[in-house]
Structure formats: structure tokens, C-alpha cells
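See structure below.
The values are calculated or read from the model by the stated rules, or taken from the named source; none is laboratory data. If you're wondering where the values come from, they're calculated on a predicted model, not measured in any experiment. When we count neighbours, we look across all protein chains shown, and the Cβ atoms used for this are built from the backbone with ideal geometry, even at glycine.
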Amino acid sequence: MAESFNSWIEEARNKSNVDLIDMIRGMMMEQRSQCKLHSASWKGPLVPFVEDYIRDVTTRKEYFIIRQSTSTKAEVEGSFERHEVDIENHFCNCGFWKLYGLPRMHSVAFVGTNCHNLWHTYVDEHYYSYKLVI
Ligand SMILES: [Zn+2]
């Protein structure tokens, strides 16, 4: 993002502040227009890379031991890792879910055992297509 911005303003470095701001405004308008045209082709409720991610993690075959403490909390143990997962609060102690808004493989394994297969409900709302369609 910063590199893209720097390449944008490179040609405008010698312009006055007003011209520079006007040029950036115009470029941002073009970028939003391109984003709108691109997002019109999205079919699913989630942005395409998240749809791909969910498809990938839900179809992988990995083995986990799941020690369930409540209907929504469990300790999930894989070959080299052990995590506490709380699907109700979208939490895993590895921090990935909180940081990226997406469950990792071990969290998905627990979600799958509970027949909570509405995968879209476990993704942060900022990945929904309607949030990005302008
Ligand atoms: Zn995790």
C-alpha cells in the first residue's frame, strides 16, 4: 500500500501542495471506480480470497484431537500444536483469528465437529462483499 502510494506521488513531488492533493484525490476516485467495477463480478457473500481460504481449510484432511469443554469451547491438539478455541467469541489463543478475522485450520476442525458448518458466520464482517461494494 505504501509502495503504491509512493509510486503515485512520485510524479507529483515537485507540484504545489494544492496540486498534489488534487492529483491524489483524482487518483483515489479512479481507484474506487476500478474497485467498484471489479467487485461487481463477485458472486459469493465473501470477498473471493476469503471464499478460497474457507474452501481450502474446510477440505483439508488433517488430524486433530479435540477435547471439548463446552459446546463452543475446546482444546484442539494437532501434531505440533495445541490451542484453546472459543468459536462463540471467534477466539483462538494462537491469535490468528483475532488478528486476521479468519479461523485457522485447528479452529475449523472444532467448528466442523459441532456441525456449525455455516462457515461464513465465523469470518469477520469486513470480509463480506457488501462491505466493499461501493
Ligand atoms: Zn488458532
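Within the stretch 92-109, the residues that satisfy the criterion of being near the ligand (Cβ under 8 Å from one of its atoms) and in contact with a strand residue (DSSP E or B) (Cβ under 8 Å, 6 or more places away or on another chain) are CYS92, ASN93, CYS94, TRP97, PRO103, ARG104, HIS106, SER107. Looking at (1) touching a residue at least 12 places away in the same chain (Cβ under 8 Å); (2) surrounded by fewer than 17 Cβ atoms within 10 Å (Cβ to Cβ), find the lone condition where SER69 falls short. Unmet condition: (1). Taking the numbered list (1) of a type in the set (Val, Ile, Thr); (2) over 27 Å from the mean Cα position of the chain (by Cα); (3) surrounded by 13 or more Cβ atoms within 10 Å (Cβ to Cβ) in turn, VAL76 passes all entries but (2).
When restricted to residues that are surrounded by 15 or more Cβ atoms within 10 Å (Cβ to Cβ), assigned to a helix (DSSP H, G or I) and among the hydroxyl-bearing types (Ser, Thr, Tyr), the stretch 79-130 contains 4. Take the conditions (1) basic (Lys, Arg); (2) over 18 Å from the mean Cα position of the chain (by Cα); (3) not assigned by TED's automatic domain parsing to the domain that holds SER7; ARG55 misses just one of them, which is (2).
In the stretch 26-43, the residues that are touching a residue at least 40 places away in the same chain (Cβ under 8 Å) and surrounded by 12 or more Cβ atoms within 10 Å (Cβ to Cβ) reach residues that are hydrophobic (A, V, I, L, M, F, W, C) and in a loop (DSSP other than H, G, I, E, B) with C-beta atoms within less than 6 angstrom, at least six apart or across chains, in these pairs: LYS36/ILE134; SER39/VAL133. Taking the criterion of being within 16 Å of the ligand (Cβ to nearest atom), assigned by TED's automatic domain parsing to the domain that holds ASP124 and assigned to a helix (DSSP H, G or I), would at least one residue in the stretch 58-65 satisfy it? The answer is yes, given that some residue of the stretch 58-65 is within 16 Å of the ligand (Cβ to nearest atom), assigned by TED's automatic domain parsing to the domain that holds ASP124 and assigned to a helix (DSSP H, G or I).
For the stretch 14-21, the criterion of being of a type in the set (Val, Ile, Thr), modelled with pLDDT of 85 or more, assigned to a helix (DSSP H, G or I) and surrounded by 13 or more Cβ atoms within 10 Å (Cβ to Cβ) is met by no residue.
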